[in-house]
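Quick note: the coordinates plus some simple rules give every number you see, no bench work behind them. None of the values given here were measured: they were computed from a predicted structure. Cβ placement follows ideal geometry from the backbone for every residue including glycine, while neighbour counts extend to all protein chains displayed.
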Amino acid sequence: MAYKNLDDLARDIAAGKGETMTTVAVLLDVPTESRPAFYRNLQSRFTDIFPGPTVDTTHVVTTITQIASQG
């Protein structure tokens, strides 16, 4: 994932909506009806996902995957 994509994802998670969040939900097989809650969870855990400006892609992906598995 390129840094531009991480920037776009960070912006969308902060906003609680957006194309990159939808893409992540699709990739993680989050059912359509569960996506609003998934997006809220990501938004509320923004600082866990992006703890600082130099966060690496592995941390972002791992954290989002953990959040998704928690329902």
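Projected over all directions and averaged, the alpha-carbon convex hull of the stretch 7-48 occupies 2.6 nm².
Here the contact order of the stretch 13-59, divided by its residue count and restricted to Cα pairs under 8 Å and six or more residues apart, works out to 44 percent. When the label point is put 7 Å from the Cα of Gln66 along its Cα-to-beta-carbon vector, which residues of the stretch 15-41 have a backbone N closer than 20 Å? Within reach of a label on Gln66, which here means backbone N under 20 Å from a point 7 Å along Cα→Cβ, the stretch 15-41 contributes 24-25, 28-30, 38-41. Across all Cα atoms of the chain, the radius of gyration (one decimal) and Dmax (whole number) stand at 10.9, 33 Å. Summed over qualifying helices (DSSP H, 4 residues or more, each -39500 (n - 2.57)) and divided by its residue number, the chain shows a 222 nm mean residue ellipticity of -20000 deg cm²/dmol.
Applying the Karplus relation 6.51 cos²θ - 1.76 cosθ + 1.60 with θ = phi - 60° to the stretch 36-41 yields 3J(HN,Hα) values of x, 5, 4, 4, 5, 4 Hz, where x marks Gly and Pro.
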